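What follows is a short report on a single structure.
The values are calculated or read from the model by the stated rules, or taken from the named source; none is laboratory data. Note that this is a predicted model, so its numbers are computed, not measured. Here the Cβ is made from the backbone with ideal geometry for all residues, glycine too, and neighbour counts use every protein chain on show.
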Amino acid sequence: MKNNKAFFMKLLNLSREEWPLLIKGMIFLLISSAALMAYPQYIKAIIDNALQTKDTKALNYAALFALGVFIIQGISSSYRFYYFTLAGEKTVKRLRVKLFSQILSQEMPFFDFQKTGELLGRLSSDTAVLQNALSVNISMLVRNLFQTIGGIVLLFITSTKLTVFILILIPPLAWLVAAFGKKVKHISKLTQDALAVSSGVAEESISGVRTVKAFAQEKWEINRYGDQLQKSFNLSLDRISVVAKFTGVVSIVGFFAIVFIVWYGGRLVIQEEMSVGTLTSYILYVMTVAFSAGLLGSLYTDFMSAFGAGHRIFELLDIATVNEENFKKPLKNISKGVIEIQHADFSYPARPDQLVLKNFSMKIEQNETIAIVGSSGAGKSTIAQLLMRFYDLNSGKILIDGLDIKDYDLYALRNQVGIVSQEPILISESIEDNIRYGKPDATFEEVVAAAKVAYADDFITTFSAGYKTLVGEKGVQLSGGQKQRVAIARAVLKDPKILILDEATSALDSESEYLVQAALENLQKGRTTLIIAHRLSTVKKSDKIFVMDHGEIVQSGPHDELILMKDGFYNKLIEKQFNN
Ligand SMILES: Nc1ncnc2c1ncn2[C@@H]1O[C@H](COP(=O)(O)OP(=O)(O)OP(=O)(O)O)[C@@H](O)[C@H]1O
């Protein structure tokens with residue numbers, strides 16, 4: 001209960017900016033509902049004052065009155081819809097931006113625990129459910145509450161005797177509705193879950209379409225999707241049959257009630273305790289109340305799902321974002337690029353009991369190029385992630401130019417450390433936008449100059465749209481070598497003092513390989529460079545090599561020295577990895 005209250009407060013807070021719109025909508029809602037409640041009075045007036053007395057003038061007046069009421073009802077309904085829907089759209093737009101920025105500002109450990117599909121779900125469908133709740137559902141709730149309560153009051157005013165009789169029917173009906181609602185809610189949730197699984201299957205196959213096609217597994221994927229869909233379809237069948245039964249029961253009970261009212265009311269008319277017009281208006285009010293109360297029942301289910309969606313959204317919004325303190329440090333420049341890792345112990349938050357680095361120490365001098373080599377899973381890429389401060393150490397220190405990286409402003413630090421990774425991910429915009437990612441305020445001339453250093457200008461200018469060429473999702477419309485050179489141009493523009501190269505394991509053809517290597521050599525000039533090395537040529541050229549095994553440095557030194565230690569790890573690694 002306390003939770004629900006907190007939830008509503010958050011919801012209200014969220015739509016705070018839209019309150020004026022919601023209030024306007026509420027005023028029009030009251031007007032339109034009141035106009036709707038007035039129309040049985042008009043029917044009553046026609047029957048009792050005009051038809052029974054055969055008074056044409058009274059009939060004309062009643063008709064005019066009705067026209068007026070319906071015009072007011074129509075206009076106010078459209079304003080009500082406009083204001084409520086607008087308020088919902090505005091809130092959800094703000095909510096989506098807020099949620100997106102909340103997700104993006106999380107630090108890396110968060111993404112180790114979350115599934116992309118789930119986060120996207122929150123961003124699109126959960127917010128849409130909440131939007132519905134905030135606009136259409138709230139307006140329907142207020143309208144139907146108003147009409148149900150107002151209708152019951154009017155029923156009492158119109159005929160207390162009949163109303164008391166009818167109220168006896170309500171408890172068993174309410175029980176029926178509640179029992180049914182619970183069942184439908186349960187089945188709906190199962191259906192939604194099953195549907196989410198099938199969407200997950202579709203997402204996986206479409207995003208991995210190259211693998212699916214390469215293995216000619218289209219049929220298998222289609223069957224997999226079809227099987228999942230069948231599960232949610234079977235659940236839908238259950239739901240349809242429950243709803244169908246319920247609709248039947250409700251309509252029988254409803255018509256029984258009407259027959260009963262006509263029968264009992266008819267007796268009151270015969271005994272002259274009630275006029276024909278009053279009985280007619282009474283029946284109309286009963287129908288209004290029944291209709292509104294029925295809608296309240298279905299709104300309950302909508303609100304329950306909005307509750308679920310809202311809770312999931314607030315859960316995400318409530319996660320403490322990155323420590324703000326990290327962004328308030330002095331904007332110190334990395335002037336030399338001397339890196340020192342001292343006695344580092346590290347385990348990933350997702351796997352706290354596996355020590356990936358154990359008492360790890362290394363020093364890299366200004367403008368030195370070092371290579372890290374080692375078996376797969378030794379912890380090479382982990383070093384790169386730690387230098388970018390994607391994760392913090394369990395113990396030990398990382399110093400850059402003598403200062404603990406925790407004392408650098410996080411943005412400033414990341415701005416001065418560049419990474420060119422094995423499989424560069426490009427954004428689905430133009431080549432120019434992708435290069436400019438390294439320095440958003442760069443001029444076009446600077447972009448071209450960076451592309452030239454990265455040997456990318458030649459191929460870019462062969463495209464008819466040049467730098468404006470779109471690269472497709474994740475850069476699929478470029479070749480592997482072209483993608484890498486765009487990524488290198490991006491790093492050239494960023495101009496970091498420290499450079500991390502995560503060398504590609506996949507082979508490019510020799511022409512492309514040559515260009516990428518040349519571009520990388522240009523990039524390394526005047527920077528401290530740490531290469532996660534997979535090529536013998538790179539390793540040989542480095543000033544120093546660190547050989548890693550199971551999170552520890554087992555050998556270090558230049559190639560010529562290491563190669564002399566015949567039984568050393570380095571020699572074995574070279575035999576295994578580079579000599580085939
Ligand atoms: N985000 C993560 N969460 C949990 N464990 C991780 C994570 N990333 C890597 N690991 C684990 O940390 C260890 C070191 O991984 P790392 O990527 O540094 O190895 P590597 O030496 O770069 O290997 P490779 O040459 O195969 O890329 C591995 O055992 C890996 O399973």
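Here is how the numbers come out for the structure above:
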| item | result |
| --- | --- |
| Pairs with Cβ under 8 Å, 6+ apart, first in the stretch 33-50 and touching a residue at least 40 places away in the same chain (Cβ under 8 Å), second surrounded by fewer than 19 Cβ atoms within 10 Å (Cβ to Cβ) and outside any helix (DSSP H, G or I) | Lys44/Ser275; Ile47/Ser275; Asp48/Ser275; Asn49/Asp55 |
| Residue count for the stretch 375-412, restricted to those that are more than 12 Å from the ligand (Cβ to nearest atom), hydroxyl-bearing (Ser, Thr, Tyr) and surrounded by fewer than 21 Cβ atoms within 10 Å (Cβ to Cβ) | 2 |
| Near pairs, Cβ below 8 angstrom, 6+ apart or cross-chain, from the stretch 375-386 (in the same structural domain as Leu355 (by TED's automatic domain parsing) and at positive phi) to any residue that is β-branched (Val, Ile, Thr) and within 6 Å of the ligand (Cβ to nearest atom) | Gly379/Val356 |
| Members of the stretch 528-543 found to be away from the ligand (no atom under 16 Å from the Cβ) and surrounded by 20 or more Cβ atoms within 10 Å (Cβ to Cβ), listed by number | Thr528, Thr529, Ser542 |
| Top-ranked residue of the stretch 156-193 - restricted to ones that are closer than 18 Å to Ser305 by Cα and either in contact with a Pro (Cβ under 7 Å, 6 or more places away or on another chain) or of a type in the set (S, T, N, Q) (or both), ranked as surrounded by the most Cβ atoms within 10 Å (Cβ to Cβ) | Thr191 |
| Top-ranked residue in the stretch 546-572 [being in contact (Cβ under 8 Å) with a residue 40 or more places away in the chain and charged (D, E, K, R); ranked as nearest to the ligand (Cβ to nearest atom)] | Asp549 |
| Leading residue by the ranking (surrounded by the fewest Cβ atoms within 10 Å (Cβ to Cβ)) among those in the stretch 473-488 that are over 29 Å from the mean Cα position of the chain (by Cα) and among the hydrophobic types (A, V, I, L, M, F, W, C) | Val486 |
| Any hit, the stretch 290-311, residues being modelled with pLDDT of 85 or more and not assigned by TED's automatic domain parsing to the domain that holds Phe100 | yes |
| Among (1) crowded, with 17+ Cβ neighbours inside 10 Å; (2) within 16 Å of the ligand (Cβ to nearest atom), the one test that Pro109 misses | (1) |
| Flag if Leu190 is in a helix (DSSP H, G or I) and touching a residue at least 60 places away in the same chain (Cβ under 8 Å) | no |
| Filtered residues of the stretch 127-186 (kept if among the β-branched types (Val, Ile, Thr) and free of Cβ contacts under 8 Å to residues at least 40 places away in the same chain) | Ile149, Val153, Ile157, Thr160, Thr163, Val164, Ile168, Ile170 |
